[in-house]
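Structure record follows, encoded as structure tokens.
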Amino acid sequence: MKTAVLVFPGSNCDHDAYHALKHVVGVDAEFVWHKSSSLDGFDAVVIPGGFTYGDYLRSGAMAKLSPVMGAVRRFAEGGGPVLGICNGFQILLEAGLLPGAMIVNESLRFVCDFVHLRAGTDRTPFTRGIPVGTVLKIPVAHYQGNYYADERTLSSLEERGQVVFRYCDPEGEVTRESNPNGSARNIAGICSEGGNVLGMMPHPERCSEPVLGSGDGRRLFDAMIAWLGGRTA
């Protein structure tokens, strides 16, 4: 069982993701440079956070043109699990693997803090076994994390069960005050129609160990391992 951790010019959470995967949950992980055109031999893909290409043009707009993204598309189309975290989520949106876009935070400020998320579906490889309604404490760190989509797209996401996480208060109530960036309908993470591609702004790799202030992020990686084990059994 091997996970690819993509590395672009400007990635800065790649080592965090690698550590969480290899040293915390114990899955084999390997860095894959963005110029690679193949993901053969990998069972899962993580696109980590950072500031790819300095976030010039739009966050993720240049990274989507890297050769590895063609391989990611093929991997996803084959049903492989793909997790895009923060800038990785932005890249998935720019590449058209998930619907919608990211705009500047409503406050016009960079936000770096712990938030609470309410799980909305357990049908993704990364939330399998996490009951709907579960509240997770996970940090965010972004300037363009304000998820936007037109009303038709938002309604479609709701109807198809593609809203995976929403910002909420510690009790699980979805409130305006619990939304750190102005994201539409408090959306913090969405998945593809097939459920195998997940994009989320919060950083599970930064809270995979209790010493970091929360160990809740580990639950997503543990779920991925369990899902892959069931898939290959």
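The values are calculated or read from the model by the stated rules, or taken from the named source; none is laboratory data. Note that the structure is predicted; figures quoted are calculated from it, not measured. Positions of Cβ are backbone-derived with ideal geometry, glycine not excepted, and every protein chain shown enters the neighbour counts. Side chains are part of the model used for accessible areas, which takes the heavy atoms of the whole protein and leaves out ligands, DNA and RNA. Shrake-Rupley method; radii C 1.70, N 1.55, O 1.52, S 1.80 Å.
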In terms of the alpha carbon gyration tensor, root eigenvalues a ≥ b ≥ c, rounded if a/c is under 1.5 and otherwise prolate when a/b exceeds b/c or oblate, the range 89-182 is oblate
Cα centroids of the range 208-222 and the range 50-92: how far apart, whole angstrom?
24 Å
Long-range amide H contacts for Phe31: which residues qualify at under 5 Å (H placed 1.01 Å from N, peptide plane, sequence gap of 5 or more or a different chain)?
Val5
Under the span-like rule (Cα at least 15 Å along the axis, Kyte-Doolittle mean at least -0.5), DSSP H helices of the chain:
67-77, 218-232
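Tell me whether the range 46-139 comes out rounded, prolate or oblate; compute the Cα gyration tensor, take square roots of the eigenvalues as a ≥ b ≥ c, and use a/c under 1.5 as the rounded threshold.
On the way: a/c = 2.34, a/b = 1.12, b/c = 2.10.
Oblate.
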What are the semi-axes of the equivalent ellipsoid of the chain, taken as the square roots of 5 times the eigenvalues of the Cα gyration tensor, listed largest first and rounded to whole Å?
23, 20, 17
Quickly rank 198-209, 145-156 as a protection proxy: mean count of other C-beta atoms within 10 Å, highest first.
198-209, 145-156
With θ set to phi - 60° and the Karplus curve 6.51 cos²θ - 1.76 cosθ + 1.60, what are the ³J(HN,Hα) couplings of the range 101-110 in order, to the nearest whole Hz, using x for Gly and Pro?
8, 10, 10, 4, 3, 4, 6, 6, 10, 5
Place a +1 charge on the Cβ of each Lys and Arg in the chain and a -1 charge on the Cβ of each Asp and Glu, then give the dipole magnitude about the Cα centre in debye, rounded to the nearest 20.
300 debye
From Cα pairs below 8 angstrom and at least 6 apart in sequence, can you work out the relative contact order of the chain, rounded to a whole percent?
20 percent
Most positive-pole-ward Cα, His34, Ile103, His142, against dipole of the range 1-145 from beta carbon charges
Ile103
With every protein chain kept in place and ligands, DNA and RNA left out, what is the accessible area per residue of the chain? Probe 1.4 Å, answer in Å².
42 Å²
Using only the alpha carbons, work out the radius of gyration and Dmax of the range 107-233 in angstrom.
14.2, 48
Tabulate in residue order the Karplus-calculated ³J(HN,Hα) for the range 5-15, using 6.51 cos²θ - 1.76 cosθ + 1.60 with θ = phi - 60°, rounded to whole Hz; enter x for Gly and Pro.
10, 6, 10, 10, x, x, 5, 9, 10, 5, 6
Residue-by-residue Karplus 3J(HN,Hα) for the range 28-40, coefficients 6.51, -1.76, 1.60, Hz, glycine and proline x
5, 9, 8, 6, 10, 5, 5, 7, 5, 10, 9, 10, 4
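How much of the DSSP beta bridge set in the chain is antiparallel, as a percent to the nearest 5? Don't jump to the answer; show the numbers that get you there.
Numbers: 23 of 39 bridges.
Roughly 60 percent of the DSSP beta bridges within the chain come out antiparallel.
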Take the alpha carbon gyration tensor of the range 161-233, find the square roots of its eigenvalues, order them as a ≥ b ≥ c, and report rounded if a/c is under 1.5; if not, report prolate when a/b exceeds b/c, else oblate.
oblate
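Count the DSSP beta bridges whose two residues both fall in the range 1-99, then state the antiparallel fraction as a percent rounded to the nearest 5. Mind dumping the intermediate values first?
Numbers: 1 of 13 bridges.
Counting DSSP beta bridges with both partners in the range 1-99, the antiparallel share is about 10 percent.
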The percentage of the accessible area of the range 119-233 (probe 1.4 Å, all protein chains present) made up of carbon and sulfur atoms, to the nearest whole number, is 47 percent
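Relative contact order for the range 111-175: what percent, with Cα pairs under 8 Å and sequence separation of 6 or more? Provide the component values of the computation, followed by the final result.
Values: 95 pairs, mean separation 29.1, N = 65.
Across the range 111-175, relative contact order equals 45 percent.
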